[in-house]
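Have a look at the structure below, then the notes.
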Amino acid sequence: MPTPWSLAGLLVSYLVGSIPTAYLLVRAKTGVDIRTVGSGNVGATNAGRVLGKRYFFVVFLIDLLKGFLPTWGIPILLARSGESVSPDIHALVAVAAILGHNFPVYLGFRGGKGVSTSLGAVLALDPISALIAGLAFLGSAVLTRYVSLSSIVGAVAFVTARLLLTSTPWSRAHIAVTVGSILLAGLMIYRHRGNLARILAGTEPRIGSKRKAEPSNNA
């Protein structure tokens, strides 16, 4: 059974993940609701389209830290407070942060697609597999110039690397991260289902292309 402090840690992780970086930055710079322009997505790619390339990197880094800091720090704080930290807590904290980004309480549960926050979380969980996932993302991005497809490639690469590099991925010590990473890869694919449909239709914008500033139902 999770303790009250563990539940509090999960709540904090969710609330940190929920901070809508792209929404706040675009609103502060332009007064515009990012959900009404570009792709309608509350993430780094759409922020870069609206504000310029450098803001992509600003939002990407902050959103990455939203995943990394809770996943890395909350289990440490729980242990230092005398809590018995189960092997599951790292994965649960990571999932909470990612769900916060995807479904933020501050924006009526309509958020981004979790790419940056997921990368930050898995960096804290398994740096080597996360590095492989990052390289897979970059390779796909160079070859296809699709951010959405490359995000899915990166998520699948993390799961694959995790399964291959962990000697006992289904043991008690590792099963939570293994199952969590599979579920999050599934969530990544589901959240990009609209992008996949546009890729098949030939209408998905590629890296470097312009996109009209019109709503797209956050697909």
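For the range 156-189, the set of residues classified as of a type in the set (Ser, Thr, Tyr) and surrounded by 12 or more Cβ atoms within 10 Å (Cβ to Cβ) consists of Thr160, Thr166, Thr178, Ser181, listed by residue number.
What's the total number of residues in the range 156-170 that are small (Gly, Ala, Ser) and at pLDDT 95 or above? Before the answer, list the steps.
First pass over the range 156-170, keeping only residues small (Gly, Ala, Ser): 157, 161, 167.
Next, only the ones that are at pLDDT 95 or above stay: 157, 161.
Of the residues in that region, 2 qualify.
Arg54 fulfils the conditions (1) closer than 25 Å to Gly208 by Cα; (2) under 15 Å from the mean Cα position of the chain (by Cα) except for a single criterion, (2).
A Cβ distance below 9 Å, combined with a sequence gap of six or more or placement on separate chains, defines the contacts here; from the range 59-83, residues that are on the phi < 0 side of the Ramachandran plot reach residues that are modelled with pLDDT of 95 or more and assigned to a loop (DSSP other than H, G, I, E, B) in the pairs Ile62/Ile19; Asp63/Ile19; Lys66/Ile19.
Condition check: within 24 Å of Gly154 (Cα to Cα) and touching an Asp or Glu at 6+ places or on another chain (Cβ under 6 Å). Does Thr45 satisfy that? Write out each step before concluding.
Numbers: within 24 Å of Gly154 (Cα to Cα): yes; touching an Asp or Glu at 6+ places or on another chain (Cβ under 6 Å): no.
It is false that Thr45 is within 24 Å of Gly154 (Cα to Cα) and touching an Asp or Glu at 6+ places or on another chain (Cβ under 6 Å).
The number of residues in the range 34-82 that are in a helix (DSSP H, G or I), polar (S, T, N, Q) and within 18 Å of Ser118 (Cβ to Cβ) comes to 3.
Find all pairs meeting these conditions: Cβ atoms under 8 angstrom apart; at least six residues apart or on different chains; first residue within the range 39-57 and under 10 Å from Leu25 (Cα atoms); second residue surrounded by fewer than 21 Cβ atoms within 10 Å (Cβ to Cβ) and modelled with pLDDT under 90. Short answer, once both residue conditions are applied: none. Could you grab me the full set of residues in the range 31-88 that are in contact with a His (Cβ under 9 Å, 6 or more places away or on another chain), over 15 Å from Pro20 (Cα atoms) and surrounded by 15 or more Cβ atoms within 10 Å (Cβ to Cβ)? Once the filter is applied, which keeps residues that are in contact with a His (Cβ under 9 Å, 6 or more places away or on another chain), over 15 Å from Pro20 (Cα atoms) and surrounded by 15 or more Cβ atoms within 10 Å (Cβ to Cβ), the range 31-88 yields Thr71, Trp72, Ile74, Pro75. Selection of the range 170-207 for residues being in contact with a helix residue (DSSP H, G or I) (Cβ under 8 Å, 6 or more places away or on another chain) and within 19 Å of Val93 (Cβ to Cβ) yields Ala176, Val177, Thr178, Val179, Gly180, Ser181, Ile182, Leu183, Leu184, Ala185, Leu187, Met188. If you go through the range 158-173 and keep only what is assigned to a helix (DSSP H, G or I) and among the β-branched types (Val, Ile, Thr), you end up with Val159, Thr160. Give the residue, chosen from Leu15, Leu25, Leu92, that is surrounded by fewer than 24 Cβ atoms within 10 Å (Cβ to Cβ), without any contact (Cβ under 8 Å) to a residue 60 or more places away in the chain and either not β-branched (Val, Ile, Thr) or not in a helix (DSSP H, G or I) (or both). Just a single option satisfies the conditions, and that option is Leu25. When we screen Ala133, Ala176, Ala155 for residues that are in a helix (DSSP H, G or I) and in contact (Cβ under 8 Å) with a residue 60 or more places away in the chain, the only hit is Ala176. Against the numbered list (1) in contact (Cβ under 8 Å) with a residue 60 or more places away in the chain; (2) part of a helix (DSSP H, G or I); (3) closer than 27 Å to Phe137 by Cβ, Gly111 comes up short only at (2).
The values are calculated or read from the model by the stated rules, or taken from the named source; none is laboratory data. The structure displayed is predicted, hence computed values, not measured ones. Every residue, glycine as well, gets a Cβ built from its backbone with ideal geometry; the counts of neighbours run over all protein chains shown.
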